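These notes concern the structure reproduced below.
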Amino acid sequence: MASFNKVILIGNLTRDPDLRVTNSGLSICKLGLAVNRNYTTKEGEAKDETTYVDIDAFGKQAEVLSKYMQKGKPLMIEGRLKLDQWESNEGQKRSKLGVVLENFQFIGGRDDTTVKNPEKMEDSSSSSSQAEESFDGDVPF
């Protein structure tokens, strides 16, 4: 049976990236992305619809996103859907569909005043090449 799991989204971050490092040294960054859809109903009424998506990034990509992104900034991501399932404290089965980031692209102009760690700021040639590096290791789950 053939299958294909690919997602491409463009939206704005709903919160600052949350970077954590596992005991084994793997960086994990959790992001929230708001993706908007504007459409017109049959009656001609303009409507807006927003979808909120949780995204997990790993490795070097997680570190770069954590360093250069913040709430409200636009981002394009490419990834795959992943269903998380767990049992709540009350014994109820829960699930949530999210995205595991495989690649990303910064959108918009560079604004040096928004870099989180200005003392670590690099010149434009080195920071752009760092952002284009991709994580080529396997994600642990």
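Within the set Gly11, Gly91, Gly72, Gly44, the sole residue that is within 21 Å of Gly109 (Cβ to Cβ) and surrounded by fewer than 17 Cβ atoms within 10 Å (Cβ to Cβ) turns out to be Gly72. Pairs are defined by a Cβ separation below 9 Å, a sequence spacing of at least 6 or placement on different chains, a first member in region 28-57 that is within 16 Å of Ile10 (Cα to Cα), and a second member that is among the polar types (S, T, N, Q) and surrounded by fewer than 10 Cβ atoms within 10 Å (Cβ to Cβ); the pairs so defined are Asp48/Asn38; Glu49/Asn38. May I ask you to list the residues in region 47-64 that are out of contact with any helix residue (DSSP H, G or I) (no Cβ under 6 Å at 6 or more places or on another chain) and surrounded by 17 or more Cβ atoms within 10 Å (Cβ to Cβ)? Selection gives Val53, Ile55, Asp56, Phe58, Gly59, Gln61, Ala62, Glu63.
In the list Lys120, Lys82, Lys116, which residue meets the criterion of being of a type outside the set (A, V, I, L, M) and either at pLDDT 95 or above or under 10 Å from the mean Cα position of the chain (by Cα) (or both)? Before the answer, list the steps.
Numbers: Lys120 fails: either at pLDDT 95 or above or under 10 Å from the mean Cα position of the chain (by Cα) (or both); Lys116 fails: either at pLDDT 95 or above or under 10 Å from the mean Cα position of the chain (by Cα) (or both).
Being of a type outside the set (A, V, I, L, M) and either at pLDDT 95 or above or under 10 Å from the mean Cα position of the chain (by Cα) (or both) holds for just one of Lys120, Lys82, Lys116, which is Lys82.
The values are calculated or read from the model by the stated rules, or taken from the named source; none is laboratory data. Here the structure is a predicted model, which is why all the values come from computation and not from measurement. In this analysis, Cβ positions are derived from the backbone assuming ideal geometry, glycine residues included, and neighbour counts consider all displayed protein chains.
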